[in-house]
1. Return the loop-located GluC sites (Glu not before Pro) in segment 37-121 (DSSP other than H, G, I, E, B) with at most 14 other Cβ atoms within 10 Å of their own Cβ; answer none if there are none.
2. For residue 36, what charge total do you get from the other residues with a beta carbon under 11 Å from its beta carbon, if Lys and Arg give +1 and Asp and Glu give -1?
3. How do 1, 98 line up, fewest other C-beta atoms within 10 Å first?
4. Of the candidates 64, 88, 11, which one comes out as most mobile in a Gaussian network treatment of the chain with C-alpha springs shorter than 10 Å?
5. Enumerate the lysines that residue 84 could reach by cross-link, defined here as Cα to Cα under 18 Å, with residues fewer than 8 away along the same chain left out.
6. Net charge near residue 77, counting Lys/Arg +1 and Asp/Glu -1 over other residues with Cβ under 12 Å of its Cβ?
7. Could you work out the relative contact order of the chain? I mean the mean sequence separation of Cα pairs under 8 Å and 6+ apart, divided by the number of residues, in percent.
8. How large is the Kirkwood hydrodynamic radius of segment 1-72, in angstrom, based on all distinct alpha carbon pairs?
Amino acid sequence: MKILDTDILISILRGKKDAEDVLDYLSGEDIAISSITAFELYYGAFKSERTSENIKEVDSLLSSYQVINFDKNASKEAGKIHSKLEKSGKGIGIRDVMIGAICLLNDAGLITRNVKHYSRIGGLRIEKW
């Protein structure tokens with residue numbers, strides 16, 4: 001399974017050519033998104049000037065993918081990761097930690113452009129796009 005990060009989905013919503021390339025590349029793969037990414041997309045839609053239109057676009061996009069929830073196990077894994085990164089002085093944003101935990105627990109690779117942050121999460125399979 002591959003999980004798409006928020007940056008890829010924003011490119012899809014904006015109709016960017018590179019997003020089409022990602023979808024072509026992943027054709028036939030089991031693709032999902034995290035509930036954290038769904039939150040980030042809705043947050044962006046609600047703070048935009050075209051709120052209603054953007055919410056409809058996010059609703060439509062999300063209906064195309066399985067959304068994997070941030071549950072108790074993901075909470076525990078994210079707590080462990082976040083603590084370890086902070087102790088090492090290499091902390092990253094909490095939402096990235098949460099997405100990383102979801103990927104690890106679901107044995108899923110993450111498709112992202114944000115390799116700098118995600119590469120700090122041990123064992124996380126990352127594909128840069």
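Nothing in this text is a laboratory measurement; each read-out follows from the coordinates by a stated rule. This is a predicted model, so every value here is computed, not measured. Here Cβ is always computed from backbone atoms with ideal geometry, including for glycine, and neighbour counts include all displayed protein chains.
1. Taking segment 37-121 and a limit of 14 other Cβ atoms within 10 Å, the loop GluC sites (Glu not before Pro) found are 49.
2. -2
3. Ordered by Cβ neighbours within 10 Å, fewest first: 1, 98.
4. Checking each option, the largest mean-square fluctuation is seen for 88.
5. List returned: 76, 116.
6. Taking every other residue near residue 77 into account, the sum is +3.
7. The normalised contact order for the chain reaches 29 percent.
8. That comes to 12.6 Å for segment 1-72.
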